[in-house]
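The values are calculated or read from the model by the stated rules, or taken from the named source; none is laboratory data. Please read all numbers here as calculations on a predicted model, not as lab measurements. FYI the Cβ positions are ideal-geometry reconstructions off the backbone, even for glycines, and counts take in every protein chain you see.
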Amino acid sequence: MVNMDDKVDIDHMGALMSLPPAPVVLVGVGDEEKNIITVGMFNVFSVRPPIIGIAVTTSRQSYKFLEENDEFTINIPGKELLEHVITCGEKSGADTDKFKLTGLTPVKGKRTKAPRIAECLMNIELKKLRSFEVGDHTWYLGEIKHTDITSDYDRSKALLYWDGEYWTAGERPIKERE
Ligand SMILES: Cc1cc2nc3c(=O)[nH]c(=O)nc-3n(C[C@H](O)[C@H](O)[C@H](O)COP(=O)(O)O)c2cc1C
């Protein structure tokens with residue numbers, strides 16, 4: 001049985017890093033000129049209508065794309081894309097074409113112009129509804145317009161991120177923090 005007397009104080013960053021692992025997604029932004037950004041700050045905001053949000057900070061090249069375009073995609077990578085997820089989370093579209101660098105394939109959306117990533121397990125197309133700043137990030141909320149998913153999709157294979165470690169719900173962790 002857990003009780004308050006057994007607990008110790010922890011600093012704020014420690015508190016954030018102690019939260020359970022969350023999905024890590026590849027966000028496709030832009031239209032003719034396009035980019036990919038790895039995002040861990042991801043949340044479902046509404047079920048009906050289906051609204052998902054991602055948080056991106058102003059220093060990212062993708063921030064400019066999200067400000068200038070009304071559509072974006074959220075793509076769910078499987079663990080075989082781990083190295084590309086890391087690359088898209090380290091390199092900036094300001095100086096690299098991440099589609100060329102990784103070999104990931106951009107496919108224009110069915111209902112939006114934003115790039116989907118063919119190699120991901122699931123591709124969600126969103127229309128931007130609103131954005132707002134919270135502390136050091138801007139949240140972009142989008143309504144789902146269309147989703148493609150692999151016919152044998154297994155959500156336990158989707159990548160999770162936890163304080164420098166990558167997990168799947170089935171195997172923990174698949175990459176240790178460096
Ligand atoms: C696992 C992981 C999660 C990340 N989550 C976010 C996030 O939620 N928001 C954000 O702005 N940057 C996040 N980043 C950092 C960006 O992906 C990174 O700065 C990227 O190089 C920005 O690319 P861009 O300049 O082309 O937009 C994350 C990086 C990694 C590796």
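Please work out which residue is farthest from residue 89 (Cα to Cα), limiting yourself to segment 125-178 and to residues that are of a type in the set (Gly, Ala, Ser) and modelled with pLDDT of 95 or more.
Going through the qualifying residues, I end up with 151.
Show me the helices (runs of 4 or more DSSP H) entirely contained within segment 15-115 in which 3 or more residues are under 13 Å from the mean Cα position of the chain (by Cα).
In segment 15-115, 82-88 are the helices (runs of 4 or more DSSP H) which contain 3 or more residues that are under 13 Å from the mean Cα position of the chain (by Cα).
Return the residue satisfying two criteria in turn: it lies in segment 86-106 and is more than 26 Å from residue 177 (Cβ to Cβ) and surrounded by 16 or more Cβ atoms within 10 Å (Cβ to Cβ), and of such residues it is nearest to the ligand (Cβ to nearest atom).
99
Which pairs have Cβ atoms under 7 Å, sit 6 or more apart or on different chains, and link a residue in segment 22-50 that is of a type in the set (Ser, Thr, Tyr) to one that is at pLDDT 95 or above?
38/24; 38/26; 38/85; 38/88; 38/89
Rundown of residues vs (1) crowded, with 16+ Cβ neighbours inside 10 Å; (2) of a type outside the set (Val, Ile, Thr); (3) more than 22 Å from residue 83 (Cα to Cα); (4) within 12 Å of the ligand (Cβ to nearest atom), yes/no style:
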| position | (1), (2), (3), (4) |
| --- | --- |
| 5 | no, yes, yes, no |
| 8 | no, no, yes, no |
| 13 | no, yes, yes, no |
| 21 | yes, yes, no, yes |
| 32 | no, yes, yes, no |
| 35 | yes, yes, no, yes |
| 42 | yes, yes, no, yes |
| 60 | yes, yes, no, yes |
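Quick one: which residue in 25, 47 is β-branched (Val, Ile, Thr), closer than 15 Å to residue 126 by Cα and within 11 Å of the ligand (Cβ to nearest atom)?
Just a single option satisfies the conditions, and that option is 25.
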